[in-house]
Amino acid sequence: LFAQPCAFLKGVADLSGLPASDLPEIAFCGRSNVGKSSLVNALTGRKTLARTSNTPGRTQEINLFYLGPEGTPRLMLADLPGHGFARAPKAKVDAWTRLVNAYLKGRPPLRRVLLLVDSRHGLKAVDRTVMGMLDGAAVNYQVVLTKADKPASAAVQRVHEATRAALAEHVAAHPDVLVTSSETGAGLPDLRAALGEIALP
Ligand code: GTP
Ligand code: MG
């Protein structure tokens, strides 16, 4: 699947801009700067498909990408604006948060939310809020630890364990927590395999 073409479809700034779609859709969600756009690029092997930046608040719209042969796409990827702190006016950040929350709760083709969490920091309050919201909306989600190249491996393991343990009380959470690095490619084969099972054949 990830060897097939991937193309930008559109960026949407409000719910009415979302196209009707039957394609299984995967959303990349998480705090600002956690590495959502970088993971979209790393998975697809395209360095500049999604725009990334050191500055939190880079992605300001829901960016949709479709994956698969031209004319017969198999999967839609949605790169979301980040939750939480961003270098942007509060009114803008609030608007993205409303957009992302409404999208997450009410997007019919959404099959799985990848909740990205920095492997140096583990789950934060805003992550738990999103998890509670997804549990309530019965939207399937999976936690993906990012930037695993940064901390020492023992520290990653501790965060991995703690994150897995915290999922027990979350009804809509996938029990497996993936550990990834967009920098080294660690964990990407497992994530590609998981998404391959959700894609159209
Ligand atoms: P927003 O769109 O602002 O919410 O951010 P984002 O979650 O899309 O993060 P983005 O992909 O733009 O990455 C933020 C920063 O983290 C960039 O400087 C990336 O180069 C860096 N980064 C992302 N993934 C990794 C990783 O796996 N390892 C390392 N070392 N850096 C990473
Ligand atoms: Mg981004």
Just to confirm a number: summing +1 for Lys and Arg and -1 for Asp and Glu over residues other than Thr48 whose beta-carbon lies under 14 angstrom from that of Thr48, what do you get?
+3
Apply the Karplus parameterisation 6.51 cos²θ - 1.76 cosθ + 1.60, with θ equal to phi minus 60°, to every residue of segment 86-96 and state each ³J(HN,Hα) to the nearest whole Hz, in sequence, with x for glycine and proline.
8, 7, 7, x, 4, 4, 5, 4, 4, 5, 4
Scale the Cα Rg of segment 6-198 by the rule-of-thumb value 2.2 N^0.38 Å and send over the ratio, two decimals.
0.95
For the chain, build the charge dipole from Cβ charges (+1 Lys, Arg; -1 Asp, Glu) around the Cα centre, then report which of Thr146, Ile198, Gly57 sits farthest towards its positive end.
Gly57
Residues whose built amide H sits under 5 Å from the amide H of Arg74, excluding neighbours closer than 5 in sequence, are Leu67, Gly68
Within segment 23-117, GluC sites (Glu not before Pro) in DSSP loop having at most 12 other beta-carbon neighbours inside 10 Å:
Glu70
Estimated vicinal HN-Hα couplings, Hz - segment 129-137 in sequence order (Karplus 6.51, -1.76, 1.60; Gly, Pro = x)
5, 5, 4, x, 5, 5, 4, x, 8
For n ≥ 4 DSSP H runs only, could you compute -39500 (n - 2.57) per run for the chain, divide by its residues and tell me the 222 nm figure to the nearest 500?
-10000 deg cm²/dmol
With each label point set 7 Å from Cα along the Cα-Cβ vector, what nm distance links Ala7 and Ala102?
2.9 nm
To check you understand DSSP bridge types, tell me what percent of the beta bridges within the chain (both residues inside) are antiparallel, rounded to 5.
35 percent
Sequence order, segment 153-164: Karplus ³J(HN,Hα) from phi using 6.51 cos²θ - 1.76 cosθ + 1.60, θ = phi - 60°, Hz rounded, Gly and Pro as x, gives 5, 5, 5, 4, 5, 5, 5, 4, 4, 5, 5, 4
If the chain between Glu183 and Arg158 were fully extended at 0.36 nm per residue, the gain over the current Cα-Cα distance would be 6.9 nm
Taking only the C-alpha atoms, wrap a convex hull around segment 98-179 and report its volume per residue in Å³ as a whole number.
88 Å³
Nitroxide proxy distance, nm - points 7 Å out along Cα→Cβ at Ala125 and Asn140
3.2 nm
Contact order normalised by length for segment 6-198, with contacts defined as Cα pairs under 8 Å and 6 or more residues apart; what percent is it?
22 percent
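What is the dipole size for the chain, taken about its Cα centre, with +1 at each Lys and Arg Cβ and -1 at each Asp and Glu Cβ, in debye to the nearest 20?
Details: 24 positive and 17 negative charges, 120 e Å.
With Lys and Arg at +1 and Asp and Glu at -1, about 580 debye.
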Quick one: which residues, 5 or more positions from Val117 or on another chain, have an amide H under 5 Å from its amide H? H modelled 1.01 Å from N in the peptide plane, none for Pro or chain starts.
Val144, Leu145, Thr146
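Just so you know, all these numbers are worked out from the coordinates, no wet-lab data involved. Bear in mind that the values here come from a model prediction, so they are computed numbers and not experimental data. All Cβ positions, even for glycine, are placed from backbone atoms using ideal geometry, and neighbour counts span all protein chains on display.
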